[in-house]
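Novice: So that we are looking at the same thing, I have put the structure below in structure tokens.
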Amino acid sequence: QQQVKQSPQSLIVQKGGISIINCAYENTAFDYFPWYQQFPGKGPALLIAIRPDVSEKKEGRFTISFNKSAKQFSLHIMDSQPGDSATYFCAASTYSGGSNYKLTFGKGTLLTVNP
Amino acid sequence: GAGVSQSPSNKVTEKGKDVELRCDPISGHTALYWYRQRLGQGLEFLIYFQGNSAPDKSGLPSDRFSAERTGESVSTLTIQRTQQEDSAVYLCASSLRREAFFGQGTRLTVV
């Protein structure tokens, strides 16, 4: 059972363009939605995160849009740069007791930004 | 250390052998997680530690997988009698609250 569905699997964007990655979730108990960026040979690094009480969060060129009623959220990368080329994962978590905030991940999107 | 450290970075083992993977979390982080990342897939949760106890082992795929943690420090993930389907990148993460910090992972190849 895939609780977080991510699309597209891969994305090619020209430098300066907008990259958009979408995720949908099923579990309404999820209350924290981070996006991770992963470069080859490295571990995932937190990029930006949102809670369901806001509809949008922006940090620099990165924006999360959140639609609670549709159970969907998306990452927008404005003015995409070749250095943004990486795999992006959406994730979701809910409190599971103690300090347990285990994450459920989407399958990832391989973003390539051409110069 | 400044970040989560995992060793070894790469491990090639023969089918049927046991392997141990090590994780050094960020100092002071009480929560520690192990995830598995198979080729082209997202990360799958394996186990969660709170201090040295593991109240959530729900993601361990079989009884060949086990993990330990010493206090709020080092954790070891052990895979016994490795199978080819165990080939993956094993990632460790630690956290104080919501934000999880990941290590670079151990790439395990079972031949």
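The values are calculated or read from the model by the stated rules, or taken from the named source; none is laboratory data. These numbers come from a predicted model, not from an experiment. Note that we place each Cβ from the backbone using ideal geometry, even for glycine, and neighbour counts take in every protein chain shown.
Novice: When you look at A:I64, is it closer than 30 Å to B:S7 by Cβ, without any contact (Cβ under 8 Å) to a residue 40 or more places away in the chain and either touching a strand residue (DSSP E or B) at 6+ places or on another chain (Cβ under 6 Å) or loosely packed, with under 14 Cβ neighbours inside 10 Å (or both), yes or no? Walk me through how you get there before you give the answer.
Specialist: On the way: closer than 30 Å to B:S7 by Cβ: no; without any contact (Cβ under 8 Å) to a residue 40 or more places away in the chain: yes; either touching a strand residue (DSSP E or B) at 6+ places or on another chain (Cβ under 6 Å) or loosely packed, with under 14 Cβ neighbours inside 10 Å (or both): yes.
So A:I64 does not fit the description; no.
Table: residues versus (1) surrounded by fewer than 16 Cβ atoms within 10 Å (Cβ to Cβ); (2) more than 19 Å from A:G97 (Cα to Cα).
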| position | (1), (2) |
| --- | --- |
| B:G40 | yes, yes |
| B:Y48 | no, no |
| B:A54 | no, no |
| B:D63 | yes, yes |
| B:V74 | yes, yes |
| B:D86 | no, yes |
| B:S95 | no, no |
| B:R98 | no, no |
| B:T109 | yes, yes |
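Novice: Okay, next question. Suppose we keep only residues that are hydrophobic (A, V, I, L, M, F, W, C) and free of Cβ contacts under 8 Å to residues at least 24 places away in the same chain within region A:21-61. Which one would you say is surrounded by the most Cβ atoms within 10 Å (Cβ to Cβ)? Break it down into steps so the answer makes sense when it comes.
Specialist: Looking only at region A:21-61, we keep the residues that are hydrophobic (A, V, I, L, M, F, W, C), and these are A:21, A:23-24, A:29-30, A:33, A:35, A:39, A:45-50, A:54.
Still in the running and free of Cβ contacts under 8 Å to residues at least 24 places away in the same chain: A:45-46, A:49-50, A:54.
Numbers: A:A45: 13, A:L46: 15, A:A49: 17, A:I50: 19, A:V54: 10.
Going through the qualifying residues, I end up with A:I50.
Novice: Then there's this: Looking only at region B:31-43, which residues are at pLDDT 90 or above and either under 11 Å from the mean Cα position of the chain (by Cα) or not basic (K, R) (or both)? Show your work before the answer.
Specialist: Kept after step one, since they are at pLDDT 90 or above, are these residues of region B:31-43: B:31-38, B:43.
Passing the criteria: B:A31, B:L32, B:Y33, B:W34, B:Y35, B:R36, B:Q37, B:L43.
Novice: Within region B:74-95, can you find the residues that are outside any strand (DSSP E or B) and either facing another protein chain (nearest Cβ under 8 Å) or in contact with a strand residue (DSSP E or B) (Cβ under 6 Å, 6 or more places away or on another chain) (or both)?
Specialist: B:V74, B:T82, B:Q84, B:D86, B:S87
Novice: Could I ask something else about it? Could you tell me whether any residue of region A:50-68 is assigned to a strand (DSSP E or B) and within 11 Å of chain B (Cβ to nearest Cβ)?
Specialist: Checking region A:50-68: not a single residue is assigned to a strand (DSSP E or B) and within 11 Å of chain B (Cβ to nearest Cβ).
Novice: Can you tell me which of (1) facing chain A (nearest Cβ under 9 Å); (2) closer than 26 Å to A:Y88 by Cβ is the one B:L32 doesn't meet?
Specialist: Only one criterion is unmet by B:L32, namely (1).
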